[in-house]
Amino acid sequence: MKILVTGGLGFIGSHTVVELQNKGYDVVIIDNCSNSSPEVIKGIISVTGKSPIFEKFDLREKEKVKEFFSRHNDIEGVIHFAASKAVGESVENPLLYYENNLSTLVYLLQELTNKASSHFIFSSSCTVYGQADELPITEDAPVKEAESPYGNTKQIGEEIIRDTCRVTPSLKAIALRYFNPIGAHPTAEIGELPIGVPQNLIPFITQTAIGLREQLSVFGDDYPTSDGTCIRDYIHVVDLAKAHVVALQRLLESKNTSNYEVFNVGTGTGSTVLEVIQSFEKVSGKKLNYKIVDRREGDITAAYADTSKANNDLGWKAQSSLDNSLSSAWKWEQKVRN
Ligand code: UD1
């Protein structure tokens with residue numbers, strides 16, 4: 001069965017391609033390589049022994065999207081990762097984000113709504129909840145005004161899919177709201193490859209430990225949490241990738257209860273920044289050079305998932321501990337730098 005993975009050379013995309021191939025699906029990747037490399041395919045092949053089909057083009061090219069679907073009329077499901085994801089850049093260049101993340105979604109859905117049946121998984125984010133009033137966060141928590149154009153593209157993206165599903169019974173879709181994806185494949189054949197200075201905590205930690213960055217800045221220790229640092233729900237990327245496969249299977253097997261559903265994908269456990277540092281130091285055996293600095297603008301105090309819906313309806317549960325996830329991130333960093 002043929003599945004299209006857009007952005008399949010990216011961090012979460014490549015891990016999902018591996019899990020799909022491990023389950024026997026044939027994968028076609030579309031990626032414009034704006035934030036990834038065709039080299040990733042080698043990693044995918046060394047993990048699975050199988051090569052996905054790869055087509056390099058930009059989904060903003062509507063005619064190419066059309067032409068792609070006319071050549072691949074046997075695609076049974078689409079997992080859509082391709083998007084820009086840098087919060088700061090989205091504030092500087094909102095139109096780039098609205099075009100990259102939303103026009104591409106519209107073009108894909110236009111093709112899918114022409115098919116007799118289609119199954120669509122969308123990369124959403126816990127960022128839609130903002131600072132939730134109650135923790136852990138359930139899917140019923142209200143969507144808050146977005147903090148950035150990036151966050152807004154996730155909210156609007158969900159609305160576009162919801163509205164399209166409402167009038168298109170042949171289209172079944174699931175939006176997965178990711179918490180904080182971290183780690184790398186245990187083989188260290190694929191992992192995260194941030195370009196430039198990492199904005200996210202874990203790649204900054206591993207790059208500091210390997211000597212690429214001098215010091216990690218911990219953004220604030222005066223939050224109302226146990227140690228004053230922010231709390232997040234860090235989920236191993238392989239667990240997250242597996243959630244995509246079970247979500248797709250739910251649609252393919254018509255187990256969905258509505259043709260648009262939303263699931264949180266997290267571990268259900270929150271960790272503070274200092275707990276992450278401690279765990280990293282334990283698994284790597286390295287002392288991390290860090291300093292407490294001022295809060296980062298736009299950061300929320302705490303977010304972690306109530307995962308009951310995914311546990312019950314998808315039969316999925318995150319397996320990896322924080323230690324294990326960080327250990328895989330460290331193994332990957334060491335491999336990349338050597
Ligand atoms: C960030 C984005 C969010 C996006 C998510 C994707 C912002 C404000 N939010 O979320 O929209 O969906 O990435 O993965 O950019 N931290 C440090 N020092 C660092 C980096 C981070 O102390 O150098 C802290 C942060 O304050 C935060 C935690 O580590 O408490 C996690 O940060 P990060 O990895 O950037 O993720 P989010 O802020 O949750």
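Brief remarks on what is shown
- For the range 93-105, backbone phi angles converted through the Karplus equation (6.51, -1.76, 1.60; θ = phi - 60°) give residue-by-residue couplings of 9, x, 5, 4, 5, 5, 6, 4, 8, 10, 5, 5, 4 Hz, Gly and Pro being listed as x.
- The range 104-193 shape via C-alpha gyration tensor axes, a/c threshold 1.5: oblate
- Debye log10 I(q)/I(0) at q = 0.10, 0.17, 0.18, 0.21 Å⁻¹ for the range 236-338, Cα point scatterers: -0.41, -0.93, -0.99, -1.14
- Per residue, the convex hull spanned by the Cα atoms of the range 8-49 amounts to 54 cubic angstrom.
- In this structure the range 199-338 gives 46 Å² per residue of accessible area when probed at 1.4 Å with all protein chains present.
- Principal-axis analysis of the Cα atoms of the chain puts helix 237-252 at an angle of about 20° to the longest axis.
- In terms of Cα atoms, the Rg and Dmax of the chain work out to 19.2, 57 Å.
- Sparse-neighbourhood loop sites, trypsin sites (Lys or Arg not before Pro) in the range 130-210 - DSSP loop, at most 16 other Cβ within 10 angstrom: Lys144
- Angle of helix 322-337 to the longest C-alpha principal axis of the chain, folded into 0 to 90 degrees and rounded to 10: 90°.
- Site-free segments of the chain were taken between GluC sites (Glu not before Pro) in DSSP loops having at most 12 other Cβ atoms within 10 Å, sites themselves excluded; the longest one is 40-133.
- Helical content of the chain, expressed as a calculated mean residue ellipticity at 222 nm, amounts to -11000 deg cm²/dmol (DSSP H runs of 4 or more residues, -39,500 (n - 2.57) each, divided by residue number, nearest 500).
- For the range 1-96, a Kirkwood radius taken over Cα pairs fed into Stokes-Einstein (25 °C, viscosity 0.890 mPa s) yields D = 177 µm²/s.
- Debye intensity ratio I(q)/I(0), log10, the range 35-85, q values 0.14, 0.16, 0.25 Å⁻¹ (C-alpha model): -0.48, -0.63, -1.20
- Candidates Gly220, Gly157, Gly285, ranked by Gaussian network fluctuation over the chain, Cα under 10 Å, top entry: Gly285
- Fraction of the pair-distance distribution of the range 262-315 above 12 Å, Cα-Cα pairs, percent: 75
- The lysines within cross-link reach of Lys282, meaning a Cα-to-Cα straight distance under 21 Å and a gap of 8 or more places when in the same chain, are Lys291, Lys331, Lys335.
- Kirkwood Rh in Å, taken over all unlike Cα pairs in the range 156-290: 17.4
The values are calculated or read from the model by the stated rules, or taken from the named source; none is laboratory data. Bear in mind that the values here come from a model prediction, so they are computed numbers and not experimental data. Note that each Cβ is placed from the backbone with ideal geometry, even for glycine, and that neighbours are counted across all protein chains shown. Just so you know, the surface numbers come from the protein's heavy atoms only, side chains and all, with ligands and any DNA or RNA stripped out. Shrake-Rupley method; radii C 1.70, N 1.55, O 1.52, S 1.80 Å.
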